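The values are calculated or read from the model by the stated rules, or taken from the named source; none is laboratory data. Bear in mind the structure is a predicted one, so any value in this text is a computation, not a measurement. Glycine also receives a Cβ, built like all others from the backbone with ideal geometry; neighbour counts cover every protein chain displayed.
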Amino acid sequence: MLRRSAALGFQRTVASHMRVCVGVKRCVDYTVKVRVKDNKVHTEGAKMSVNPFDEIALEEASRLKEKKIVTEIVAITIGNKKAEEALRTAMALGADKAIHIVVPEDVSESLEPLAVAKIFAKLHAELKPDLWILGKQAIDDDCGVTPQLLAGLTDLPQGTFASVVEVVGGKVKVTRELDSGRQVVELATPCVLAADLRLNTPRFATLPNIMKARKKPIDARDVASLGVDISRHTETVSVVEPTSRKSGSKVKTVEELVDKLRNEAKAI
């Protein structure tokens, strides 16, 4: 925004301050084939990384900062001590500040989306960000409801399944991916966005930025200090591995294909 002084005859640029909060979750890397044992997924010894959809959310925040739209990116993670790794990665990828909400070890991997949304809502009242950019889902539980719950708890407008984000004049225009096509919504700030797969392609962290991120401070807080109820409201009855996919077969004619689809696969 430019202001002109009639008396002095000069222009002065007034910089706006837009803060973005991004949630980052430490998950089993998407390339790892997980093992199920004793009715739970075993993660010990498995390669861990930032949830891919959260990387997309962080990349979008970084791009908005490069466009001089955003001035500060705050990365937030919830988990045990090891979850700090996700924040180091986030800072190497562009986050300015990092907040670690430390939860007990026994609930770290079973924290429900509602508890996460309540923690984010508590931080929203403190940080007062203009934007929340979250991944649309985490690849470990695939719940995909945290952004919507946060919007509901804070009474903020939401743009979920975002494939395009444009910030113009204090408004956020979001193109949403739907089963039937695309929908464009315009939101006032503050608001909550949920990053979809096609929003962008995340960058790789450079070695200098990784080294710098190791030295940056992390604001670690015990979840008890927030006064948020993180007790579970659901119960996992059973965890099983998906059934093995059967090998395919070749057919020579369309008639044979139709016969197999009708009589063997019962697809038609």
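So the values come out like this:
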quantity	calculated
Residue in the range 229-242 that is within 24 Å of Ala92 (Cα to Cα) and outside any strand (DSSP E or B) present	no
Residue check, Arg88 more than 15 Å from Met18 (Cβ to Cβ) and either buried (at least 21 other Cβ atoms within 10 Å of the Cβ) or out of contact with any strand residue (DSSP E or B) (no Cβ under 7 Å at 6 or more places or on another chain) (or both)	yes
Verdict on Lys215 being under 18 Å from Leu93 (Cα atoms) and loosely packed, with under 10 Cβ neighbours inside 10 Å	yes
Those helices (runs of 4 or more DSSP H) lying entirely in the range 48-154 with at least 2 residues under 25 Å from His233 (Cβ atoms) and out of contact with any Gly (no Cβ under 6 Å at 6 or more places or on another chain)	113-127, 146-154
Count - residues of the range 181-216 that are in contact with a Leu (Cβ under 8 Å, 6 or more places away or on another chain) and in a helix (DSSP H, G or I)	1
Residue within the range 13-20 that is closer than 21 Å to Arg198 by Cα, at pLDDT 95 or above and either under 17 Å from the mean Cα position of the chain (by Cα) or of a type in the set (Gly, Ala, Ser) (or both) present	yes
